[in-house]
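Before any comments, here is the structure.
The values are calculated or read from the model by the stated rules, or taken from the named source; none is laboratory data. What you see is a predicted model; the values in this text were computed from it and never measured. Here Cβ is always computed from backbone atoms with ideal geometry, including for glycine, and neighbour counts include all displayed protein chains. These area figures cover heavy atoms from the full protein model, side chains too; ligands, DNA and RNA do not enter into them. Shrake-Rupley method; radii C 1.70, N 1.55, O 1.52, S 1.80 Å.
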Amino acid sequence: MECSSPLLGSASSSSSHAGSRELEAILSNTAASWGRRAWAGAAVELPLLLRLALPAVAVYLINYLMSMSTQIFCGQLGNLELAAASLGNTGIQVFSYGLMLGMGSAVETLCGQAYGAHKYEMLGVYLQRSTILLAATGVPLAVIYVYSRPILLLLGESERIAAAAAVFVYGLIPQIFAYATNFPIQKFLQAQSIVAPSACIAAATLLLHLALSWLAVYKLGLGLLGASLVLSLSWWLIVVAQFAYILAAPRCRETWTGFTTQAFAGLCGFAKLSAASAVMLCLETWYFQVMVLIAGLLPNPELSLDSLSICVRVGNELGAGNPRAAAFSVVMSTTMSFILAVVAAVIVLCLRDRIAYLFTGGKTVADAVSDLCPLLAITLILNGVQPVLSGVAVGCGWQVFVAYVNVGCYYFVGMPLGLFLGFYLGLGAKGVWSGMVIGGTLLQTLILLWVTFRTDWQHEVEKAHERIAMWEDKKNSLQQD
């Protein structure tokens, strides 16, 4: 999961800005010792962080559970259906998810910094501008979905799995355009520290999704296509409910002032930042997609796919001109995420012999998953730190730099190492995962840690203000025209 939302804030804009100012004042008080400042800062930061982070985590977790529950329903139909849903959901759908989420992260950078700088009216413009770009991107993605079967065959997947996966993918075409709207809306709300309503909407949708999936798969016998169509419908329900909240909520009146032609201005410049964001996150999400596709090329592809697929606040502060608060937020977020990841890893290890039975009744797959669980635990710990650092990069606008880091770590180190261990040394799925996740992800995490903790946060504040001023000048010039 990613943690790319602004990491500071509270339930209202006034309390958010007040908390930020208080934290910056505490950390700037050089008369107090470092330990006393850190303790006092943590007392202010932790409630703000939890108030935003817990609902945000719930949103991402529930969205993940919707996709995973669909996979579980398919898995109960048989190992072929599980492999097809795994390949379609993780091998094809992640392609559009990574692209849309990456492009939507441009909204996060701009909205987070504009909100911190009190340029509230720009948030609605950014939301509309991003939605236009993402919807246009969705058209060629839909074409790729239509031709998913020959694409999978070209990549070397078996005829049976490719045909079944294509059926599943056809039902996910409406989901592409739900992504195009959902991710900008999500970033728009998160930039204002509005996450609890999204969590409630997601939770209610999950319950409805489970009921509709049961009806479509078991009662109506719609199989793979029915399961994926229900997943697409659920994502659209989330989009409609969130937009209805934006229209009705008094908290969004300053940031959403209605549809405007300004959304069509400066699309080229916005597209450049969106492209950089997309490259940064796509290289990461596609990396895990490649891992699943490679697993389909191993001997006994159904077993490899099944087991591997189962296991597998900064922007606000920079915009507000609070460099010390931004840096302190990074430390707090990384520490908390690491602790939670260690707890999750311990739970996985304790339940390693039972996890797979949530997805399938097959003992062979369950044994393979149990064998991979130590790697899953290590991956969880790495993913407890890396997404927070990626969130820092988005909040600061470092997408281009991180894209280069991702290319080097993932595709020049992790992937060759995974192929070597999996195929040349004959270690199978375990070798592919070991090389690609531990090799590539560990190296990327270490580099991002080194860069983050050497950052000149005052310089980042100045860059944020320059970026805000540039986009505001474009807005003013359009109004004058």
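Couple of notes before you dig in:
- Under the condition of being open to solvent by 20 Å² or more (accessible area, probe 1.4 Å) and within 17 Å of Ser390 (Cα to Cα), the residues counted in the range 405-437 number 2.
- Extreme residue, modelled with the highest pLDDT, among residues of the range 247-259 that are open to solvent by 80 Å² or more (accessible area, probe 1.4 Å) and assigned to a helix (DSSP H, G or I): Leu247
- Pairing each residue of the range 369-396 that is at pLDDT below 75 and outside any helix (DSSP H, G or I) with any residue that is surrounded by 24 or more Cβ atoms within 10 Å (Cβ to Cβ) and of a type outside the set (A, V, I, L, M), provided the two are 6+ apart or on different chains, yields no C-beta distance under 8 Å.
- Residues located in the range 35-56, provided they are closer than 19 Å to Thr334 by Cα and surrounded by fewer than 18 Cβ atoms within 10 Å (Cβ to Cβ): Gly35, Ala38, Trp39, Ala40, Ala42, Ala43, Leu46, Pro47, Leu50, Leu54
- Residue match in the range 464-481 (condition: modelled with pLDDT of 70 or more and open to solvent by 80 Å² or more (accessible area, probe 1.4 Å)): no
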